[in-house]
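The values are calculated or read from the model by the stated rules, or taken from the named source; none is laboratory data. Remember, predicted model here, so these are calculated numbers, not experimental data. For neighbour counting, all protein chains shown are included, and Cβ atoms are generated from backbone atoms with ideal geometry for every residue, glycine included. To get the accessible areas, we keep the full protein, side chains included, count just its heavy atoms, and leave off ligands, DNA and RNA. Shrake-Rupley method; radii C 1.70, N 1.55, O 1.52, S 1.80 Å.
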Amino acid sequence: MQTATGSPGGLWQSGGGNAWVQEQAVIDQMFRPIETLLVEAAASGPVERLLDVGCGTGGTTLALARRLGHAARCTGIDISEPMIAAARQQAQAAALAVDFVCADAEHHRFEPASFDMVVSRFGVMFFDDPVAAFANLRAATRGGGRLRCIVWRAPEDNPFMTAAEKAARPLLPGLPVRQADEAGQFGFARQARVRDIVTHAGWEQAAVEPVDVQCRFPESELDGYISRMGLVGRALDGLDAGLRQRVLDAVRPAFHAFVGGGTVSFRAACWMVSAQAA
């Protein structure tokens, strides 16, 4: 569950990006409590220009724009063309003056010292060189500006996020195996590492605090979510119909523990990363 901001690759320009677009309503509903945390963090102080890193289809950026009003200019950046196109459509439909940039935030040439708030919902764990990326974001932030990012803790703390791949692996032995500290969904799992990255990038008062958030979405959306998202969703695209169905039949029961009363509910175990530009 993440937006792409790192190495361009084909994933976020085609299958991965299109899957996020197809599931954007479910994902935005699922992560609304996390969106709320970021909106409240931004609204706790003055904001003139805000940057949302790895903005995906723009749900959090638009929520921030609604809350902050005309006094703040909000910009979202993401590497995925399909997701940025969807974000722009949402902004137009909502009549919100929000800018969306399709670019890699690690290398994009931002106007120096142009933002006073930088936020991200699961969008900063994918950089090839995270120190360089956060240094680039620091250079784009004026003195006194704030950083607030929410990232995933460890895979073992987030069983909902790994249920599909664990259930599918006997049928799909070629599924990628997650490696500690590698760029990806759980790339920021280690608290000390995240603090070091942010500090070495030139931010001050870096803090990495645990937050646990209960996320929900309708059970009726679960099959679509399983078939499109994550490692398994991407693997399903290349399978013949028979194997695809066998994988889905094996994976669906792995989510029974998260379903009740027509609702999927799970705990998102995250870090809130905060820092300030001197």
Karplus 3J(HN,Hα) series, Hz, for the stretch 237-251 with 6.51 cos²θ - 1.76 cosθ + 1.60 (x for Gly, Pro)
4, x, 9, 6, 4, x, 5, 4, 5, 5, 5, 4, 5, 7, 7
Mind checking which of ARG153, ARG169, ARG88 has the largest fluctuation in a GNM of the chain, springs on alpha carbons under 10 Å?
ARG169
Taking N as the number of residues in the stretch 1-160, what value does Rg over Cα atoms divided by 2.2 N^0.38 Å take?
0.96
Within the chain, which is the longest segment containing none of the GluC sites (Glu not before Pro) that sit in a DSSP loop and have at most 15 other Cβ atoms within 10 Å?
49-181
Restricting things to Cα coordinates, could you compute the convex hull volume per residue of the stretch 109-242 in Å³?
146 Å³
Under-5 Å amide H pairs with THR141, H placed in peptide plane, nonlocal only:
ALA113, SER114, PHE115
In percent, what relative contact order does the stretch 105-145 have, based on Cα pairs under 8 Å that are 6 or more apart in sequence?
64 percent
At 1.4 Å probe size, with no ligands or nucleic acids counted, give the accessible surface of ASP212 in Å², nearest ten.
90 Å²
Just to verify a number: FRET efficiency for ALA94 and THR199, C-beta to C-beta distance, R0 = 22 Å, to 0.05?
0.05
Size-normalised alpha-carbon gyration radius of the chain, reference 2.2 N^0.38 Å
0.98
Once the convex hull of the C-alpha atoms of the stretch 28-70 is built, how many Å³ does it hold per residue, rounded to a whole number?
67 Å³
Expressed as a rounded percentage, what relative contact order does the chain have, with Cα pairs under 8 Å and six or more residues apart?
22 percent
Electrostatic dipole magnitude of the chain [Cβ: Lys, Arg +1; Asp, Glu -1; Cα centre; debye, to 20]
280 debye
Taking the chain as a Gaussian network, where each spring joins two C-alpha atoms under 10 Å apart, which residue of ALA91, ALA268, ALA25 fluctuates the most?
ALA25
One would report the antiparallel percent of DSSP beta bridges in the chain, rounded to the nearest 5, as 55 percent
